[in-house]
1. Which count do you get for residues in segment 215-251 that are open to solvent by less than 40 Å² (accessible area, probe 1.4 Å) and in contact (Cβ under 8 Å) with a residue 60 or more places away in the chain?
2. Condition first: part of a helix (DSSP H, G or I), buried (at least 17 other Cβ atoms within 10 Å of the Cβ) and among the hydrophobic types (A, V, I, L, M, F, W, C). Now tell me which residues in segment 254-290 satisfy that.
3. What do you reckon, is residue 387 at pLDDT below 90, on the phi < 0 side of the Ramachandran plot and not in a loop (DSSP other than H, G, I, E, B)?
4. Please go through segment 108-120 and give me each residue that is over 21 Å from residue 6 (Cβ atoms), open to solvent by less than 70 Å² (accessible area, probe 1.4 Å) and either part of a helix (DSSP H, G or I) or of a type outside the set (A, V, I, L, M, F, W, C) (or both), ordered by number.
5. Would you confirm whether any residue within segment 77-93 is open to solvent by less than 20 Å² (accessible area, probe 1.4 Å), over 16 Å from the mean Cα position of the chain (by Cα) and at pLDDT 95 or above?
6. Can you list the helices (runs of 4 or more DSSP H) found entirely within segment 1-107 that contain at least 3 residues being in contact with a strand residue (DSSP E or B) (Cβ under 6 Å, 6 or more places away or on another chain) and closer than 30 Å to residue 349 by Cα?
7. Any chance segment 125-132 includes a residue that's touching a residue at least 24 places away in the same chain (Cβ under 8 Å) and open to solvent by 40 Å² or more (accessible area, probe 1.4 Å)?
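The values are calculated or read from the model by the stated rules, or taken from the named source; none is laboratory data. Bear in mind that the values here come from a model prediction, so they are computed numbers and not experimental data. We place every Cβ from the backbone using ideal geometry, glycine too, and count neighbours over all the protein chains shown. The area values use the complete protein model at the heavy-atom level, side chains included, leaving out ligands, DNA and RNA. Shrake-Rupley method; radii C 1.70, N 1.55, O 1.52, S 1.80 Å.
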Amino acid sequence: MINTYEDALKFIHGRSKFKKIPTLKRMRTFLDELGSPDKKVNAIHVAGTNGKGSTVAFLRNILQADGNVVGTFTSPFLVKFNERISVNGIPLPDAEILRLVQKIYPTVQKLDQTLPEGGPTEFEIITAMMFSYFAEGHADVVIVEVGLGGLYDSTNVIVPKVSAIVTIGWDHMHILGDTLPKIAYQKAGIIKPRVPVVVGRIDSEPLKVIKGVARKKKSPISILGDGFKVAALKEHDWLQSFSFNSGKYRFAKLSTTLIGDYQADNAAVAIQAYLAYQEVMDQAVSESSIIDGIGNTQWAGRFERVSTDPTIVLDGAHNISAVDEIVKMLQNDFADHKVYILMGILADKQADKMVRKMATFENAEIILTHFAGPGKRQAADPEALEQKVGQTPDDILTIADWRQAIETIKPKLNANDILLITGSLYFISDVREYLKLNSK
């Protein structure tokens, strides 16, 4: 029996993560048994290798500034599971998580007994909880973030008002494919017939794939750099400013606390998705909602300054594409700072490439560490990783205990120095809790 919030989480996390054969048929059967709640949700669907979370946050704040109650479905969570299903940025209460699990539990039991491959996976169950909740009318619009890929992701049962593909990069290649065009094909799987799709800054070869899918499905497509444009300005005082233009809508200077050129790109995708959504819904565009929404957006774990004395920054960069963007930002905006970079990386990532890329920032001192990975996923062993990286760069240190690493680095920091803690969202989640407890 599931009688408590803790029981509910144990049930969810006890389910299988994947099935051998990817399919949406099981998810469709699951939702049909629940009364097809996905068909009662007004949604915007967001996919991409990196930048999904920030784009969702920007878009949520713009829509909120417009007076909407906005639901979001995101993953993974940073502090608490409930973050995955939120209303106006506020995670569901424990009691609602329990209620939703109790609501779907009989259907899960039925499918466990009747489906040849077994019942729903962990993510399918969480997705069904989300659809069931928002089908009850708790939000005017729901921004649904893809979990992994797109084509066979359990969220892809939805027929949204607008789709968005933020980025295409190297991640989950064992599942999505070993080339960027193959990965792009999986992401483009969220494009629905005649549903507008907004596309971020994507290289030409994977972009061809996305354009081809959009053309085949007769879906209007807006592409960053073509249909709409953004120009990032230099970061100043931990604010990122940028200009944006799309048709008659032009903004000379928008500002956000999410810094980096890539965040300007994410914000631009969010703005364009808002413009497309308003057009589909035959609603007026509010320029003040765009300005206020972008300005008010915060997103934990995205080059987030959590301490100013000393300066400590958390960033959940967890693949080579994300590290590329971090390095560009450091070179553009923090070239005159010494940056101590504490990295904890999951073993199933391209850890050695991530470290080598991070080390291309001249003023970096890299420290490799270990953390407890989620579930059965293991963090890379820092000493083995150091050996794999080799002699270049030659200033990599290893401190296996990440708490000890933080306390070792902090006394070294001068006023102009930065401690950047990165490599995994799971890692910085642990770090955040530690820093919070030790700041009191």
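1. 1
2. Within segment 254-290, 264, 267, 268, 269, 270, 271, 273, 275, 276, 290 meet the criteria.
3. Criteria met by residue 387.
4. Matches in segment 108-120: 111, 112, 118, 119.
5. Yes; the residues of segment 77-93 include at least one that is open to solvent by less than 20 Å² (accessible area, probe 1.4 Å), over 16 Å from the mean Cα position of the chain (by Cα) and at pLDDT 95 or above.
6. Because the criterion is at least 3 residues that are in contact with a strand residue (DSSP E or B) (Cβ under 6 Å, 6 or more places away or on another chain) and closer than 30 Å to residue 349 by Cα, the helices (runs of 4 or more DSSP H) in segment 1-107 that meet it are 52-65.
7. Checked against the condition, which is being touching a residue at least 24 places away in the same chain (Cβ under 8 Å) and open to solvent by 40 Å² or more (accessible area, probe 1.4 Å), segment 125-132 yields no hits at all.
Conditions tested, residue by residue: (1) among the small types (Gly, Ala, Ser); (2) open to solvent by 60 Å² or more (accessible area, probe 1.4 Å); (3) in a helix (DSSP H, G or I).
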position	(1), (2), (3)
376	no, yes, no
395	no, yes, no
406	no, no, yes
416	no, yes, no
419	no, no, no
427	no, no, yes
434	no, no, yes
